[in-house]
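Take a look at the structure below.
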Amino acid sequence: MGNRCAVIGVGQTHYTTRRRDVSIAGLVREAAVRALEDAGLTFKDIDAVVIGKAPDLFEGVMMPEAYLADALGAAGKPMMRVHTAGSVGGSTALVGASLVQGGVHDRVLVVAFEKQSESNATWALSTHLPFNASLVVGAGGYFAPHIREYMRRTGAPGHIGTLVAVKDRLNALKNPYAHLRIPGIDQKMVESTPMLWEPIRYLETCPSSDGACAMVLASEPAVTGTPAWVHGTAMRSEPIFRAGRDTVSPQAGKDCAADVYRQAGITDPRRQIDVAEVYVPFSWYEPMWLENLGFCAEGEGWKLTESGATALDGDTPWNASGGVLSSNPIGASGLIRFAEAALQVRGMAGEHQVDGARTALGHAYGGGAQFFAMWIVGREKL
Amino acid sequence: MREVAIVAFAQTRHTGHDTGLSEPELILPVINEVKERTGLRRFGFTCSGSCDYLAGAPFSFVSALDALGAWPPISESHVEMDAAWALYEAWVRLQHGDLDSALVYGFGKSSLGDLRTIMTLQLDPYYLAPLGLDQLSYAGLQASALGAEREELAEIVRRSRADGRANPYALDLPDPEGDDGLVAPPVTDGAAAVVLAAGDLATRLTSSPAWISGLAHRIEPHYLGMRDLARSASAADAARAAGVGKGPVEVAELHAQFAHEEIILREALELTGDTVINPSGGPLAANPVMATGLIRIGEAAQRILDGRNHRTVAHAAGGPCLQHNLVTVLEG
């Protein structure tokens with residue numbers, strides 16, 4: 001898989017509904033500077049910049065990398081802009097890693113952001129190309145039927161989604177960067193919130209956040225500080241309109257997981273992966289992805305969630321950071337998953353650190369659950 | 001670096017109007033063409049370039065994926081940039097050594113909106129975009145900074161359009177009237193696809209692969225006041241990193257959307273008078289935004305694939321006033 005690559009710096013902004021105090025450039029720079037400080041480096045030490053975000057309509061700036069080059073110290077260097085829908089944060093990390101693994105650069109800065117307060121994301125997601133059907137319902141409206149189908153197939157009881165919503169939000173209380181920090185969050189509070197898209201209640205959905213995340217990636221000779229070694233990387237895509245596509249457990253997700261596990265030498269993900277940061281924007285995607293990612297057999301995901309196995313103190317913690325349910329600057333959400341996985345194996349996750357985490361999964365998905373990006377990072381070199 | 005070559009290139013017959021084809025319909029024929037030409041049905045990696053703002057709706061690349069028949073699922077990525085950068089991403093991916101082939105494509109339907117105004121939206125949203133500079137205004141600023149002779153500019157346009165009329169894929173545009181130097185590039189719909197292959201696979205697929213001997217890109221500060229607009233420092237840096245000067249350049253395909261950009265780029269790439277510039281007609285004869293840069297690489301590669309040339313150079317640009325430049329050196 002090419003040369004070794006490590007995460008040597010992670011930087012995040014606080015995630016919040018509106019960052020009125022900074023421009024888009026100020027937002028991304030904040031995350032980038034923190035990642036560089038973590039790595040003990042400056043912009044001068046960076047060879048190339050890779051930036052990712054979700055659709056440009058979210059802020060109303062076309063191809064914003066041109067405008068952001070100055071703020072990210074990219075002038076005089078190569079800069080690239082990745083866009084793979086909701087999975088883009090993950091893909092951005094993978095393109096950055098690829099530049100190191102391919103032997104092209106020694107130190108790459110990857111940054112992903114969304115400043116959703118500049119626009120209206122649900123509107124931007126609801127416009128459509130001519131001649132295509134538009135549901136005008138945002139992401140929740142698109143995914144709700146797939147969740148209902150999951151419930152029908154597996155017989156999962158209705159309270160599973162609320163368990164995930166409570167668990168992730170309790171974890172978020174331990175993460176100083178998390179957007180939704182709700183004291184006293186419990187099942188009753190989630191159940192008392194309005195039904196948005198049956199079966200998804202208000203508190204079972206992700207927020208709209210402003211925020212940015214950055215990482216510094218390095219080749220083996222260029223490592224500074226505490227590295228998280230990249231053990232495997234994979235992307236997979238499938239068409240949105242293919243008849244017969246299983247939208248409950250997409251083949252692209254299964255193939256992507258199989259590829260990244262093969263590279264990392266993982267045969268039993270539940271046992272071998274100490275902590276997973278998985279893209280769960282609607283609570284029910286935890287049990288669905290538990291199955292899709294091979295943490296359990298088909299139909300068993302909701303039972304794993306119900307047993308408490310995915311809690312911070314469970315045997316296979318998922319989204320110790322609070323996950324997408326607690327912070328969702330869309331374009332950055334995938335990169336946050338990848339970065340939090342790196343923080344865990346570096347032992348730098350603070351209050352939401354999983355004790356002794358040596359191997360972690362970062363996962364992102366996008367589009368109509370058709371784009372996937374994943375990586376496995378570890379404390380040791382592979 | 002691992003040896004990687006372009007082994008196939010296809011482009012649409014570009015149009016100056018909306019033919020009613022959807023983006024997947026625009027892409028499908030060129031994908032099929034490069035599949036037929038190489039005999040490859042599956043690729044190790046796929047990467048595309050496009051821009052949502054051309055269609056005015058998010059996720060242009062999502063429906064494009066349907067044109068690929070991406071089943072079983074494929075390893076795939078997308079840059080919201082000209083597809084020349086998609087080719088760069090694919091080239092980097094092939095450097096890992098575990099994959100041997102990549103499909104790269106780009107597409108743009110500029111006819112759907114007002115392209116000149118849409119380009120305003122790529123400027124800094126707080127300070128520059130509110131000034132209302134459209135694509136023609138900032139091109140005018142650069143042409144003025146360069147201070148080229150009107151006749152020289154008009155000659156570049158005449159030559160490009162004449163070459164374009166001889167190119168079946170480009171538009172048939174008349175000679176410019178008078179001495180108007182700042183002739184805007186045509187608003188064009190189109191798509192293009194390229195297949196990359198590494199090492200032995202390249203030589204198995206074609207007898208004359210266009211080997212990528214150099215590939216580099218650089219970006220400059222965004223603010224026009226922070227740059228010497230008469231020069232392109234980033235194009236010069238990219239050209240040096242790609243090794244343009246290490247041998248004679250027979251043909252250069254430049255992503256010069258305005259005549260004055262050709263003059264700036266010729267100097268940045270240190271091209272001599274012997275180099276034939278944009279024999280395809282270049283962007284002044286067909287400019288499907290987000291595919292135009294990839295087409296430059298494809299046109300430069302095709303001359304080697306056809307055995308017409310031994311060493312060619314291709315250039316792609318992004319951002320206002322040539323802010324971002326990518327240079328590829330191809331050798332037979």
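The values are calculated or read from the model by the stated rules, or taken from the named source; none is laboratory data. This structure is a prediction, so every number in the text was calculated from the model and none was measured. Counting neighbours? That spans all protein chains shown, and the Cβs are built from the backbone with ideal geometry, glycine included. For the accessible areas, the whole protein counts, side chains as well, though only heavy atoms, and no ligand, DNA or RNA atoms are used. Shrake-Rupley method; radii C 1.70, N 1.55, O 1.52, S 1.80 Å.
Within the accessible surface of the stretch B:80-119, defined with a 1.4 Å probe on protein heavy atoms only, the carbon and sulfur portion equals 48 percent. Taking a sphere under 9 Å around the Cβ of B:ILE219 and counting the other residues whose Cβ falls inside, with K and R at +1 and D and E at -1, yields a net charge of 0. Across chain A, the mean sequence separation of Cα contacts (distance under 8 Å, 6 or more residues apart), normalised by length, yields a relative contact order of 26 percent.
Here, chain B is characterised by an Rg to Rh ratio of 0.94, where Rg is the alpha-carbon radius of gyration and Rh the Kirkwood radius.
Rounded to whole Å, the principal axis extents of the Cα atoms in the protein assembly as shown read 77, 51, 50, largest first.
Total buried accessible area between A and B, probe 1.4 Å, nearest 100: 4900 Å². Using only side-chain charges placed at the Cβ, +1 for Lys and Arg and -1 for Asp and Glu, the dipole size of the stretch A:256-382 relative to its Cα centre rounds to 400 debye. P(r) tail for the stretch A:65-116: Cα pairs beyond 13 Å make up 61% of the total.
Restricting attention to chain B, close to 70% of DSSP beta bridges with both partner residues there are antiparallel. For the stretch B:92-130, a decrease in accessible area of 30 Å² or greater in the assembled protein chains relative to the isolated chain, with a 1.4 Å probe, applies to B:VAL92, B:HIS96, B:ASP98, B:LEU121, B:GLN122, B:PRO125, B:TYR126.
When the other protein chains are added to the chain by itself, burial of at least 30 square angstrom of heavy-atom accessible area (probe 1.4 Å, ligands and nucleic acids ignored) affects these residues of the stretch B:58-76: B:PRO58, B:PHE59, B:PHE61, B:VAL62, B:SER63, B:LEU65, B:ASP66, B:TRP71, B:PRO73, B:ILE74, B:SER75, B:GLU76. Cα centroids of the stretch A:257-281 and the stretch A:131-210: 23 Å apart. For the residue pairs A:LYS53/A:LYS254; A:LYS44/A:LYS77; A:LYS53/A:LYS174, the alpha carbons lie more than 20 Å apart in A:LYS53/A:LYS254; A:LYS53/A:LYS174. When DSSP beta bridges are restricted to pairs lying wholly in the protein assembly as shown, around 75% turn out antiparallel.
Toward the positive end of the charge dipole of the protein assembly as shown, with +1 on the Cβ of Lys and Arg and -1 on the Cβ of Asp and Glu, the farthest Cα among B:THR120, A:MET235, A:MET151 is that of A:MET151. Among the helices of chain A, those built from whole DSSP H runs whose Cα atoms reach 15 Å or more along their own axis and whose mean Kyte-Doolittle hydropathy is at least 1.0 are A:88-101.
Just want to confirm a number: the relative contact order over chain B, from Cα pairs under 8 angstrom separated by 6+ residues, in percent. Dividing the mean separation by the residue count of chain B yields 26 percent.
In the stretch A:34-69, burial by the other protein chains removes 10 Å² or more of 1.4 Å probe accessible surface, compared with the chain on its own, from A:PRO55, A:ASP56, A:LEU57, A:GLY60, A:VAL61, A:MET62, A:MET63, A:GLU65, A:ALA66, A:TYR67, A:ALA69. Pair-distance distribution P(r) for chain A, from all Cα-Cα distances in 10 Å bins starting at 0: 6, 27, 37, 24, 7, 0 percent. When the solvent-accessible area of the stretch A:83-229 is split by element, carbon and sulfur atoms take up 56 percent of it, the probe being 1.4 Å. Span-like helix criteria (full DSSP H runs; alpha carbon extent of at least 18 Å along the helix axis; mean Kyte-Doolittle hydropathy of at least 0.0) are satisfied in chain B by B:292-305.
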